[in-house]
Amino acid sequence: MSLEIFNALEHQKTDSRFTLAQAINSGIKNWDSSIGIYAGDAQSYRTFSLLFDPIICEYHGFSKDKNHKPDISPLMLPSLDPEKKYIKSTRVRVARNLEGFSFPCHISLSQRRKLEKKIISALDRLKDDLKGKYYSFEPIDEKELKQLKKENLWFQKGDRFQDAAGINSDFPKCRGVFHSFDKRFMVWVNEEDHLRVIGLERTSDISSVYNRLSRALSALNQSLAFSRDETYGYLTSCPTNIGTSMRAGVHIQLEKLEQNKDLLHGIVKGYNLQIRGTGGEKTKVENAMFDISNRQRLGISESKIIQNLHAGLLAIIKAEKNLGTP
Ligand code: ARG
């Protein structure tokens, strides 16, 4: 941030009194941040646009004169790896924040409580295969928690980046996880965003996971108003997530490509994907199990993200197979 921008924003506040100092605290405390800023409410994107816009432009390759057009219509894509030789699971998530509430790094306990109640009652109204149960983290039955952990159906307290932003305040109060009885659909409540809405399957059927998520979102949208901006799409705590707020990815075993990282990185870059470690963000790849997902979330539609991921994974699997044949 240049001194000029700092001087222009230093004394600015949003209506909910979110300041520049709060927006940049995580980056100041964590010099190894890649982005380092968080929004405390929807208005932060306008009040601090001098700071946010260039970061958004660099990360998403998006400028305000471009258009962000959503399209979350269902898709039918051929199965990628029906024998589960490479792809072990598929997960598609989006983030949502509700209109009229500050974002998680800047919300009071009483507001967080009100928000949790509102979300639970919306989740209660879900029907058919989306029906399920909400597990509050306070208090949580030890046995229940162990089971949720075992099946990866929970989230932990935020990392040092989220902590410095203020996202962990009052943890585990008003936090919890909802999952459908068939465990293919899940919602995190009050983690980095008010909601993280997630579809997951232990298959490579990306369209099935995505279509379920899209159905769930329109059902939830009947009782919840999501924070959205004409240019920037869905607004999230972290500017890397705005737009579609979608991260669609797989856990994929790539024994050969693990030995040929340049080739893998070349394909990943070509399809604008990203690699994360086996345990998620900022973790290492273990036993050649890669987490591969879309990188861009703004200036691209939801359905295009899925199609692009599908094409990228086809190319990756082809390369892995080719390396296998002498
Ligand atoms: N604030 C962290 C950084 O700048 C994380 C950025 C993206 N991840 C996220 N969970 N929002 O490195």
Lone qualifier among Phe181, Phe185 - being surrounded by fewer than 18 Cβ atoms within 10 Å (Cβ to Cβ) and without any contact (Cβ under 8 Å) to a residue 60 or more places away in the chain: Phe181
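What number of residues in region 61-116 are in a strand (DSSP E or B) and not hydroxyl-bearing (Ser, Thr, Tyr)? Please lay out each step first, then the result.
Residues of region 61-116 in a strand (DSSP E or B): 87-96, 98.
Right, trim to not hydroxyl-bearing (Ser, Thr, Tyr) and you get 87-88, 91-96, 98.
Result for region 61-116: 9.
Among the residues of region 246-278 satisfying the criterion of being charged (D, E, K, R) and more than 16 Å from the ligand (Cβ to nearest atom), which is nearest to Gln307 (Cα to Cα)? Working first, answer last.
Let us first name the residues in region 246-278 that are charged (D, E, K, R), namely 247, 255-256, 258, 261-262, 269, 276.
Pick out the ones that are also more than 16 Å from the ligand (Cβ to nearest atom) and you get 255-256, 258, 261-262, 269.
Numbers: Glu255: 25, Lys256: 25, Glu258: 24, Lys261: 24, Asp262: 24, Lys269: 16 Å.
Step by step, filter region 246-278, then rank; the result is Lys269.
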Qualifying position, being within 30 Å of Glu230 (Cβ to Cβ) and touching a helix residue (DSSP H, G or I) at 6+ places or on another chain (Cβ under 6 Å), among Leu323, Leu298, Leu257, Leu309: Leu298
Residue list for region 272-297, filter: under 17 Å from Val94 (Cα atoms), of a type in the set (A, V, I, L, M, F, W, C) and either surrounded by fewer than 18 Cβ atoms within 10 Å (Cβ to Cβ) or in contact with a Leu (Cβ under 6 Å, 6 or more places away or on another chain) (or both): Ile292
First in region 111-135 and within 24 Å of Lys149 (Cα to Cα) and in contact (Cβ under 8 Å) with a residue 12 or more places away in the chain, second anywhere and β-branched (Val, Ile, Thr) and part of a helix (DSSP H, G or I), Cβ under 7 Å, 6 or more apart: Tyr134/Ile120
Gln274, sole failed condition from (1) outside any helix (DSSP H, G or I); (2) in contact (Cβ under 8 Å) with a residue 40 or more places away in the chain; (3) touching a helix residue (DSSP H, G or I) at 6+ places or on another chain (Cβ under 8 Å): (2)
Any chance Asp163 is at pLDDT 95 or above, crowded, with 16+ Cβ neighbours inside 10 Å and among the charged types (D, E, K, R): yes
Contacts under 6 angstrom Cβ, first residue in region 23-47 being within 15 Å of Ser227 (Cβ to Cβ) and charged (D, E, K, R), partner away from the ligand (no atom under 11 Å from the Cβ) and outside any helix (DSSP H, G or I), 6 or more apart: Asp41/Thr14; Asp41/Ser16; Asp41/Phe18; Asp41/Ser102; Asp41/Phe103
Residues within region 14-46 that are more than 15 Å from the ligand (Cβ to nearest atom), among the β-branched types (Val, Ile, Thr) and either surrounded by fewer than 20 Cβ atoms within 10 Å (Cβ to Cβ) or under 18 Å from Gly243 (Cα atoms) (or both), tallied: 1
Qualifying position, being surrounded by 17 or more Cβ atoms within 10 Å (Cβ to Cβ), within 14 Å of the ligand (Cβ to nearest atom), closer than 24 Å to Asn294 by Cα and in contact (Cβ under 8 Å) with a residue 40 or more places away in the chain, among Phe62, Phe52: Phe52
Test: residue in region 165-183 that is charged (D, E, K, R) and within 25 Å of Pro82 (Cβ to Cβ): yes
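The values are calculated or read from the model by the stated rules, or taken from the named source; none is laboratory data. Model, not experiment: these values are computed from the prediction. Don't worry about glycine lacking a Cβ; one is built from the backbone with ideal geometry, like all the others, and counts go over all protein chains shown.
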